[in-house]
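The values are calculated or read from the model by the stated rules, or taken from the named source; none is laboratory data. What you see is a predicted model, and the numbers here were worked out from it, not measured in a lab. Every residue, glycine among them, receives a Cβ derived from its backbone with ideal geometry; neighbour counts consider all protein chains shown.
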Amino acid sequence: MKVSQILTDKGREVHTVSAETSMREAVDLLGSRNIGAVVVTDSKGAVTGILSERDVVRATAKDSLGFLQKPVSSCMTARVVTCSCDHTVDDLMSLMTQKRIRHVPVIEGGKLTGLISIGDVVKRKLDASEQEAAAMRDYIATG
């Protein structure tokens with residue numbers, strides 16, 4: 001299965017903030033939308049960073065509550081690992097494991113077109129395993 005199919009199934013909505021957004025606003029967005037990351041974009045929509053729950057935890061450890069007044073740019077991960085719609089679930093699983101990340105923005109034609117989480121990847125892998133098991137059971141039962 002490719003990333004394009006995951007996005008077709010789950011949707012392409014991505015929550016974004018600017019680098020100047022306050023951490024308080026970003027944390028409120030994470031909480032109110034029940035999401036694990038927001039993508040940081042510039043005025044033209046280009047990806048400039050990602051702010052994840054892990055980034056928030058690191059910021060909290062460094063500056064307890066003071067970090068909430070800082071801009072997202074002070075806490076975000078600036079080196080963003082991305083993928084395209086042509087990547088496979090196996091590609092993403094390997095990439096996420098190797099880089100120890102849980103969210104990967106999808107870029108097509110230089111534009112942000114989606115966000116894939118580790119939960120999306122695991123769900124697709126489990127679905128594929130269940131389908132294989134069902135096919136094997138059917139084969140054995142009719143075989």
Matching residues, the stretch 1-35, being basic (Lys, Arg) and touching a residue at least 60 places away in the same chain (Cβ under 8 Å): Lys2, Lys10, Arg12
With respect to Met136, determine if the residue is closer than 18 Å to Val3 by Cα and either among the aliphatic types (A, V, I, L, M) or not in a helix (DSSP H, G or I) (or both). no
Which of the residues that make up the stretch 1-35 are under 22 Å from Val89 (Cα atoms) and part of a helix (DSSP H, G or I)? Val3, Ser4, Gln5, Ile6, Leu7, Thr8, Asp9, Lys10
Failed item, numbered, when Ser32 is tested on (1) at pLDDT below 95; (2) surrounded by fewer than 17 Cβ atoms within 10 Å (Cβ to Cβ): (1)
Could you check the stretch 78-117 and list, in sequence order, the residues that are among the β-branched types (Val, Ile, Thr), within 16 Å of Val14 (Cβ to Cβ) and without any contact (Cβ under 8 Å) to a residue 60 or more places away in the chain? Val80, Val81, Thr82, Ile101, Val104
Restricting attention to the stretch 36-52, the residues that are out of contact with any Pro (no Cβ under 8 Å at 6 or more places or on another chain) and either free of Cβ contacts under 8 Å to residues at least 24 places away in the same chain or part of a strand (DSSP E or B) (or both) number exactly 9
Evaluate the stretch 70-88: report whether one residue or more is small (Gly, Ala, Ser), touching a Lys or Arg at 6+ places or on another chain (Cβ under 9 Å) and farther than 20 Å from Gly109 by Cβ. no
